[in-house]
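The values are calculated or read from the model by the stated rules, or taken from the named source; none is laboratory data. None of the values given here were measured: they were computed from a predicted structure. Note: ideal-geometry Cβ built from the backbone for every residue, glycine included; neighbour counts use all protein chains shown.
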């Protein structure tokens with residue numbers, strides 16, 4: 001059901017509003033941005049509070065008067081919700097299922113297994129029936145183009161609710177039909193696995209996901225006796241019986257208050273591997289009646305994988321939403337950027353993913369584009385803030401040869417072994433200038449019970465501020481346009497929880513999942529002493545060097561400001577802290593939703609001179625997560641074995657120049673040839689209802705129009721081209737506001753922050769969220785380089801203060817094919833299907849900002865050639881590793897606690913990552929063969945001189961003398 005019409009006729013779904021009279025509700029065929037205001041007013045959502053509270057508009061109310069504080073003592077509950085008295089929830093994995101064989105016929109009537117029905121216009125499916133359905137094999141089978149031949153799964157009930165005519169059937173798949181939203185490169189990246197979930201209302205967890213957990217509740221800290229083992233009231237392992245409540249002494253959330261994946265907690269996590277293309281079938285099981293929402297949120301949704309290298313049809317475009325009773329198949333190819341131009345034959349040993357048996361499945365692409373921590377969330381036009389706040393968000397961990405999610409179980413494994421090439425640790429390779437293919441794994445803290453994806457010491461944290469009413473039900477202010485702030489900080493949906501940790505290194509993947517609140521996080525012990533740690537990844541990009549904290553470059557030695565949607569991965573070492581408690585502390589004060597106001601000195605927060613009561617101070621400032629350190633062994637007092645990497649060995653200036661993932665900076669020539677674009681985020685030319693605007697390349701301030709293309713980068717001229725570099729200038733439009741600007745699809749590299757070299761946590765990494773604001777960590781401008789390749793279509797750029805985005809600081813940009821002259825049409829969704837309207841373009845959508853290009857100064861330190869261009873064939877695979885006899889004495893010098901070993905091995909512990917010594921090798925060298933340690937390293941040391949002396953180019957020399965690697969796995 002796809003047709004193209006002229007935008008001037010405007011017979012769009014937005015205007016086709018049908019109503020049905022019901023004794024209790026009025027229904028609309030499409031939610032419009034003013035509807036929640038009416039609903040909220042009808043629901044009595046008008047806050048009345050003492051004006052004395054007005055200095056801090058938290059929780060966000062109206063006209064600078066806050067709504068009442070979220071109560072911690074509620075009638076009918078067993079007690080009050082106190083800080084650090086409820087245990088934090090660990091994420092629950094969606095799990096993967098193998099894609100079944102494709103049937104010959106995939107059309108006709110609804111399949112036998114169909115989304116369970118609903119009783120009325122306000123209801124959602126029965127929980128157990130929904131679980132039973134989601135447990136069945138995927139049906140109908142996914143297709144390249146949208147399956148718009150089958151009717152809406154709830155067609156009869158939708159008709160009863162007056163939203164479809166007697167002759168209309170709607171469609172089962174809400175993805176826009178035809179070629180424009182057909183999955184790009186479908187056959188090439190045909191899905192190997194799938195998972196499916198339904199967005200629905202809060203309910204009891206019935207254990208749907210138990211069987212899909214990689215750890216199966218029998219491994220490591222998730223097994224019996226482990227810190228994160230859970231079981232139900234009958235002693236059965238798993239999440240059965242968990243209800244959605246934000247503290248043990250707060251009420252269970254109603255089904256119309258919170259909407260989550262599966263309708264359950266714990267929050268969900270997708271574990272993805274490169275090379276394993278995935279279908280995510282997302283069902284919409286929300287109420288047919290748009291007003292059955294407890295005053296906020298809308299029942300149409302679209303899912304953005306932040307920040308996947310995916311085709312635009314799978315990016316969660318804000319105007320490609322779908323309705324209750326429908327699904328949308330998101331196809332995530334799981335490829336590295338540069339797939340078509342770099343390492344096309346998949347012969348580089350760093351580009352790969354775990355094979356499940358200690359090996360590596362090698363993939364094409366640029367290993368420097370390897371990602372780690374993502375998330376996916378709703379991106380519905382005008383309603384992103386409400387839907388995400390309500391629960392439409394999950395996290396996603398990417399696993400690769402570099403970031404396998406496995407640390408070594410012993411020294412032998414750390415050394416590297418040709419029979420298990422995926423396990424060897426990078427820190428055990430003694431010569432980083434000539435890296436070993438058996439020491440690829442960065443060995444971040446994780447665990448060793450599984451081949452990949454261990455989460456024993458690798459913890460996802462989503463930090464978000466919430467507010468609730470006097471009945472304990474989640475609330476939101478739909479009137480406010482500045483930004484929404486809650487007064488209670490939650491971690492993984494629990495108010496100020498505690499988490500048990502072992503006395504060893506941990507990796508924390510911290511996501512700011514708030515609507516408008518920024519954080520600045522310090523870590524302290526009970527005495528208020530700052531605890532050292534290292535940042536290793538920024539926005540899902542593992543950095544070139546680990547950055548130590550505290551440091552002099554950020555206030556209070558805390559992490560830099562963390563804007564909405566930013567992810568910071570850090571490593572904290574709890575060694576020698578058994579029995580102690582540590583705290584995550586937020587130091588960033590807000591007065592209202594416009595942005596952070598100031599950094600509060602840590603001492604003032606800890607000694608109580610800063611009063612975070614909502615009247616004298618921001619209630620979001622202060623301690624929000626307690627970590628309780630336990631030792632190992634049965635009684636929790638033994639020293640823990642820890643062979644994970646020590647990030648201190650990867651800081652800038654380390655003796656061996658160890659690096660995690662180098663930044664693939666553009667060359668001088670690419671910078672000089674780049675197209676420039678300028679985006680100014682502010683309030684120029686806005687309206688009261690939609691005050692937030694973006695100026696593009698000197699235009700007036702514009703609010704979001706899904707038909708308008710503001711910029712159109714092009715794909716490479718040649719199929720195997722690297723992608724054209726562009727430089728995007730992101731600027732603050734004044735007014736003291738703060739904007740975390742998100743660019744979809746590709747990662748960028750910050751060239752300048754505030755006109756200066758960026759700080760190390762940005763200089764040594766890549767980003768997809770670019771903060772601009774008045775505080776020191778943000779500055780008023782960011783200049784970043786970005787390139788586009790592999791996929792085309794319609795994407796967006798926006799402020800990730802999602803209230804700003806919804807009101808309407810969002811723009812559309814398209815990746816076009818070379819020679820394309822007509823912009824892609826704009827999808828318009830309705831209950832009866834999706835049709836297309838013609839699009840418009842800005843005058844500069846192709847050329848960009850010519851004046852900015854003329855005045856731009858190329859940053860110093862860029863190369864004239866990408867180093868990968870020199871390596872047209874990969875570094876050779878050395879001879880197989882010679883493994884020591886177990887009876888041979890081994891001495892190590894790791895930065896780990898005392899490690900208990902068998903009587904045949906002796907371990908010496910001191911500062912430094914594990915480095916292996918034995919009788920046959922010099923101290924500090926890994927347990928590799930003499931052929932590996934001698935000949936290849938000598939060649940590497942003298943390679944430039946040899947090339948020059950022989951009158952050869954570097955490229956020719958490498959082609960002549962290097963050999964292909966042997967692939968394992």
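A quick yes/no check of all residues on (1) over 13 Å from residue 762 (Cα atoms); (2) assigned by TED's automatic domain parsing to the domain that holds residue 636; (3) surrounded by 24 or more Cβ atoms within 10 Å (Cβ to Cβ):
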residue: 548; (1), (2), (3): yes, yes, no
residue: 552; (1), (2), (3): yes, yes, no
residue: 560; (1), (2), (3): no, yes, yes
residue: 567; (1), (2), (3): no, yes, yes
residue: 570; (1), (2), (3): yes, yes, no
residue: 575; (1), (2), (3): yes, yes, no
residue: 582; (1), (2), (3): yes, yes, no
residue: 588; (1), (2), (3): yes, yes, yes
residue: 594; (1), (2), (3): yes, yes, no
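Hey, among 339, 319, 331, 309, which residue is touching a residue at least 24 places away in the same chain (Cβ under 8 Å) and part of a strand (DSSP E or B)? Step through it out loud before you land on a result.
Numbers: 339 fails: part of a strand (DSSP E or B); 319 fails: part of a strand (DSSP E or B); 309 fails: part of a strand (DSSP E or B).
Answer to the check: 331.
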**Message:** Looking at residue 245 and the list (1) surrounded by fewer than 23 Cβ atoms within 10 Å (Cβ to Cβ); (2) within 16 Å of residue 203 (Cα to Cα); (3) touching a strand residue (DSSP E or B) at 6+ places or on another chain (Cβ under 6 Å), which single condition is not satisfied?
**Reply:** (3)
**Request:** Report yes if some residue within segment 227-250 is touching a helix residue (DSSP H, G or I) at 6+ places or on another chain (Cβ under 7 Å) and within 29 Å of residue 384 (Cβ to Cβ); otherwise report no.
**Result:** yes
**Item:** Residues of segment 753-774 classified as over 18 Å from residue 567 (Cβ atoms), in a strand (DSSP E or B) and within 24 Å of the chain's Cα centre (by Cα), total
**Value:** 2
**Request:** Scan segment 790-808 for residues that are over 21 Å from the mean Cα position of the chain (by Cα) and crowded, with 24+ Cβ neighbours inside 10 Å and report the count.
**Result:** 2
**Item:** Options 811, 824; residue that is surrounded by fewer than 22 Cβ atoms within 10 Å (Cβ to Cβ), touching a residue at least 60 places away in the same chain (Cβ under 8 Å) and under 29 Å from the mean Cα position of the chain (by Cα)
**Value:** 824
**Prompt:** Are any of the residues in segment 227-234 farther than 19 Å from residue 494 by Cβ, modelled with pLDDT under 95 and surrounded by fewer than 24 Cβ atoms within 10 Å (Cβ to Cβ)?
**Reply:** yes
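Table: residues versus (1) closer than 24 Å to residue 483 by Cβ; (2) modelled with pLDDT under 95; (3) over 24 Å from the mean Cα position of the chain (by Cα).
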position	(1), (2), (3)
653	no, no, yes
664	no, yes, no
677	no, no, yes
682	yes, no, yes
688	yes, yes, yes
**Complete:** Checked segment 696-716 for anything surrounded by 19 or more Cβ atoms within 10 Å (Cβ to Cβ) and either free of Cβ contacts under 8 Å to residues at least 40 places away in the same chain or not assigned by TED's automatic domain parsing to the domain that holds residue 673 (or both); matches are 701
**Message:** For segment 470-494, give me the residue count where each residue is out of contact with any helix residue (DSSP H, G or I) (no Cβ under 9 Å at 6 or more places or on another chain) and either free of Cβ contacts under 8 Å to residues at least 12 places away in the same chain or closer than 22 Å to residue 376 by Cβ (or both).
**Reply:** 5
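Let's see how each residue does on (1) at negative phi; (2) touching a strand residue (DSSP E or B) at 6+ places or on another chain (Cβ under 7 Å); (3) part of a loop (DSSP other than H, G, I, E, B):
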position: 776; (1), (2), (3): yes, no, yes
position: 779; (1), (2), (3): no, yes, yes
position: 782; (1), (2), (3): yes, yes, no
position: 808; (1), (2), (3): yes, no, yes
**Request:** Would you be able to say whether some residue in segment 259-269 is more than 29 Å from residue 405 (Cβ to Cβ), touching a strand residue (DSSP E or B) at 6+ places or on another chain (Cβ under 9 Å) and surrounded by 24 or more Cβ atoms within 10 Å (Cβ to Cβ)?
**Result:** yes
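For segment 613-633: of the residues being assigned to a strand (DSSP E or B) and touching a helix residue (DSSP H, G or I) at 6+ places or on another chain (Cβ under 9 Å), which is surrounded by the fewest Cβ atoms within 10 Å (Cβ to Cβ)? I'd like the intermediate steps shown before the answer.
Of all residues in segment 613-633, those assigned to a strand (DSSP E or B) come to 622-630, 632.
Next, from what is left, pick out any that are touching a helix residue (DSSP H, G or I) at 6+ places or on another chain (Cβ under 9 Å): 622-623.
Values: 622: 21, 623: 19.
Result: 623.
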**Request:** Would you point out the residue of segment 95-110, among those that are loosely packed, with under 15 Cβ neighbours inside 10 Å, in a loop (DSSP other than H, G, I, E, B) and at pLDDT 75 or above, that is nearest to the chain's Cα centre (by Cα)?
**Result:** 100
**Answer from 409, 420 - the residue that is in contact (Cβ under 8 Å) with a residue 24 or more places away in the chain, more than 21 Å from residue 348 (Cβ to Cβ) and surrounded by fewer than 24 Cβ atoms within 10 Å (Cβ to Cβ)** = 409
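Residues are listed down the side, and each one gets a yes or a no for (1) within 29 Å of residue 448 (Cβ to Cβ); (2) in a loop (DSSP other than H, G, I, E, B):
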{"position": "239", "(1), (2)": "yes, yes"}
{"position": "245", "(1), (2)": "no, yes"}
{"position": "282", "(1), (2)": "no, no"}
{"position": "297", "(1), (2)": "no, yes"}
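Of the residues 92, 173, 179, which is out of contact with any helix residue (DSSP H, G or I) (no Cβ under 7 Å at 6 or more places or on another chain), closer than 26 Å to residue 318 by Cβ and surrounded by 22 or more Cβ atoms within 10 Å (Cβ to Cβ)? Step through it out loud before you land on a result.
Working: 92 fails: closer than 26 Å to residue 318 by Cβ; 179 fails: surrounded by 22 or more Cβ atoms within 10 Å (Cβ to Cβ).
Answer to the check: 173.
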**Request:** Identify the single condition in (1) surrounded by fewer than 24 Cβ atoms within 10 Å (Cβ to Cβ); (2) out of contact with any strand residue (DSSP E or B) (no Cβ under 6 Å at 6 or more places or on another chain); (3) assigned to a loop (DSSP other than H, G, I, E, B) that residue 191 does not satisfy, given that it satisfies every other one.
**Result:** (2)
**Prompt:** Within the set of pairs 6+ apart or on separate chains, which have a first residue in segment 208-222 that is under 10 Å from residue 93 (Cβ atoms), a second that is at pLDDT 95 or above and outside any loop (DSSP other than H, G, I, E, B), and C-beta atoms under 7 Å apart?
**Reply:** 209/92; 209/93; 212/93; 213/93; 214/93; 214/271; 215/222
